[in-house]
Structures are given as C-alpha cells and as structure tokens.
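Visitor: Take this structure, written in structure tokens, and hold onto it; I'll ask about it next.
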Amino acid sequence: MRISVRNPGIAFIIILTLNSHFSIGQVRFGPKLGLNFSELPNNTNFIIGNQHIYNGYHFGVITELRLSDHLYLQPGVIITNKGSKYNVGNNTVTSATGYSNFQFSCFYADIPLNLKYNFDFRAFKLFLIAGPQVGLGLNGKWEATYKASSKVHFGSAPEDDFKPFDYGISFGGGIEIGRIQLSSQYYMGLKSLSTSIPPLEEQKYKLLNVSASYLFGNERVYRDYKSKYLSKHRNNKKPGKKRF
C-alpha cells in the first residue's frame, strides 16, 4: 500500500510517533547558566593595546538526546551576554592624550548543536563536547569611561556597528555527577561581524565559558547512577557509634 503525505507537518508528527519507543525515556532537559570571557578583535589605527576581554554571563535551557551508550546530541537556546573592551586613540601619533576606554556589551540568542561523548567512571562521567553554533544579536550598548553610552546598532549598512547574525564552532569538556553537569567550552566565530568597507576580517568572536547545568528527565539513567554508586557507597560505610 502506498501512502502519500503532502503536508510536512503531518509527516513530522508521523515520524515522531514511529520513533516514540526510542525517544521516551531517552531525553533530558534543564537550565544552564555560567560566565563568559569574550573578545571581538578590532585592529585599526584607532584601537590601542591588546587587552580586549569582556566578562559576561549566559543562561538558557539545553536538551540532551541519547544516540548510543556514550554518544548524545545536546541542542539548546542560550541568552549570552558578550562584548569587548577597547582603548581608543590614534596609533599614528606618539601622544597619549585624549585616549578613552570604551567597551560594548550585547545580548545574543545563541543556538548550539553539540555532540557529547561520555567516559563512564561509575561515580561520575567525564565528557567531551563539540559542535556548531548560530547566534542572533538582540540588543547592546556602548559605554565609555566618562559614563557616556549609546545603543549598539545591528545591520549590514556601513553606518551600523555589527552584522546581526553570527556562526562558529565550539569545543570543550566537563564532568557529570548525577543530574549535574559542569563544563567549559571555547567558541570560535567563523564569520566577520564587521560592516566596514572593506570588512575587518579579524572581527570574529572568541569566547571562553564555564557553565553549570541541571538536567531533569530520563529517571532510569539517574536510578542507574544511584544503584551503581550511591547505594553501594552507602552500604560500604562503616557503622558509626550510637549516640544517646
């Protein structure tokens, strides 16, 4: 019998139904938050020095889908606060007068799509994680040492500050204990966000983050963890003295 499905939405529902025996109990999800250390290089005659690191933060949700005993797919939606710091002046003159410290900070909606590989040590798991990421600039602000500020403009015109869309790759690792994951990843932007003509090719995000996640769901995995380690560990404890 031949079945024709012209509506892609119906096809998607059918696929989910046929794969429900695999997906139910194989998915975990939960919040993720942490700190960022980012920079956006800008090598022009008006940028002085090399210290451009901006300290920010991130928060969002991730989902973890089991593909095999050790391999997982981990997509997410993360709101990331990132930016860069600049010392603005004129590199073509020797006088240091008139230089000011500037920084910009922006919020991006980042969507990572990571593959995660676990190394099981019973009491805990070590993991490696890597994958592509896309981001969309939401809003931002320029700030100067003398407290002046202005809005960051996203767009493709030369008068705009940065292009709104970003993409790159990230890689890192971490440790998982029960439902808790502690990780660190390095993100390397592959697209120049410069709106200059010609564009500044080095203007790509570099970002290091440290994160903590707490994952719900897939109770079987957590019960296995408790039976493998927690219960055994409790049973092996020496009996203490009775207190009266």
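The values are calculated or read from the model by the stated rules, or taken from the named source; none is laboratory data. Computed from a prediction, not measured in an experiment: that's the story for all the values here. Counting neighbours? That spans all protein chains shown, and the Cβs are built from the backbone with ideal geometry, glycine included.
Visitor: Kindly indicate whether ASN55 is in contact with a His (Cβ under 8 Å, 6 or more places away or on another chain) and either at pLDDT 85 or above or buried (at least 16 other Cβ atoms within 10 Å of the Cβ) (or both).
Guide: Details: in contact with a His (Cβ under 8 Å, 6 or more places away or on another chain): no; either at pLDDT 85 or above or buried (at least 16 other Cβ atoms within 10 Å of the Cβ) (or both): yes.
Against the criterion (in contact with a His (Cβ under 8 Å, 6 or more places away or on another chain) and either at pLDDT 85 or above or buried (at least 16 other Cβ atoms within 10 Å of the Cβ) (or both)), ASN55 does not qualify.
Okay, residues lined up against (1) under 21 Å from the mean Cα position of the chain (by Cα); (2) of a type in the set (Phe, Trp, Tyr):
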site	(1), (2)
ALA130	yes, no
LYS151	no, no
PHE171	yes, yes
LYS191	yes, no
SER196	no, no
ASN209	yes, no
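Visitor: If you don't mind, another one. If I filter the stretch 174-196 for residues that are outside any loop (DSSP other than H, G, I, E, B), among the acidic types (Asp, Glu) and at pLDDT 85 or above, do I get at least one hit?
Guide: Initially, the stretch 174-196 is screened for residues outside any loop (DSSP other than H, G, I, E, B), giving 174-177, 180-189.
Now narrow it down to the ones that are among the acidic types (Asp, Glu): 176.
Going one step further and asking which of them are at pLDDT 85 or above, we end up with 176.
Within the stretch 174-196, one or more residues are outside any loop (DSSP other than H, G, I, E, B), among the acidic types (Asp, Glu) and at pLDDT 85 or above.
Visitor: Just one of PHE119, PHE162, PHE102, PHE107 is out of contact with any helix residue (DSSP H, G or I) (no Cβ under 7 Å at 6 or more places or on another chain) and either of a type in the set (S, T, N, Q) or more than 16 Å from SER38 (Cα to Cα) (or both); which is it? Full working, then the answer.
Guide: Details: PHE162 fails: either of a type in the set (S, T, N, Q) or more than 16 Å from SER38 (Cα to Cα) (or both); PHE102 fails: either of a type in the set (S, T, N, Q) or more than 16 Å from SER38 (Cα to Cα) (or both); PHE107 fails: either of a type in the set (S, T, N, Q) or more than 16 Å from SER38 (Cα to Cα) (or both).
Residue meeting the stated conditions: PHE119.
Visitor: Among the residues of the stretch 173-190, write down those that are buried (at least 17 other Cβ atoms within 10 Å of the Cβ) and either over 18 Å from PHE59 (Cα atoms) or polar (S, T, N, Q) (or both).
Guide: Across the stretch 173-190, the qualifying residues are GLU176, GLN181, SER183, GLN185, GLY189.
Visitor: Which of the residues belonging to the stretch 116-125 are loosely packed, with under 14 Cβ neighbours inside 10 Å and in contact (Cβ under 8 Å) with a residue 12 or more places away in the chain? Quick ask: steps written out before the conclusion?
Guide: First pass over the stretch 116-125, keeping only residues loosely packed, with under 14 Cβ neighbours inside 10 Å: 119, 121-123.
PHE119, ARG122, ALA123, listed by residue number.
Visitor: With respect to SER170, determine if the residue is part of a strand (DSSP E or B), modelled with pLDDT under 95 and either surrounded by 19 or more Cβ atoms within 10 Å (Cβ to Cβ) or touching a Lys or Arg at 6+ places or on another chain (Cβ under 8 Å) (or both).
Guide: Numbers: part of a strand (DSSP E or B): yes; modelled with pLDDT under 95: no; either surrounded by 19 or more Cβ atoms within 10 Å (Cβ to Cβ) or touching a Lys or Arg at 6+ places or on another chain (Cβ under 8 Å) (or both): yes.
Here the answer is no, as SER170 does not meet what is asked.
Visitor: Can you run down the residue pairs with Cβ atoms below 8 Å, 6 or more apart or on separate chains, where the first is in the stretch 97-114 and more than 16 Å from LEU136 (Cβ to Cβ) and modelled with pLDDT under 90 and the partner is assigned to a strand (DSSP E or B) and of a type in the set (Val, Ile, Thr)?
Guide: What qualifies is TYR99/ILE48; TYR99/VAL88; SER100/VAL88; ASN101/VAL88; PHE102/VAL88.
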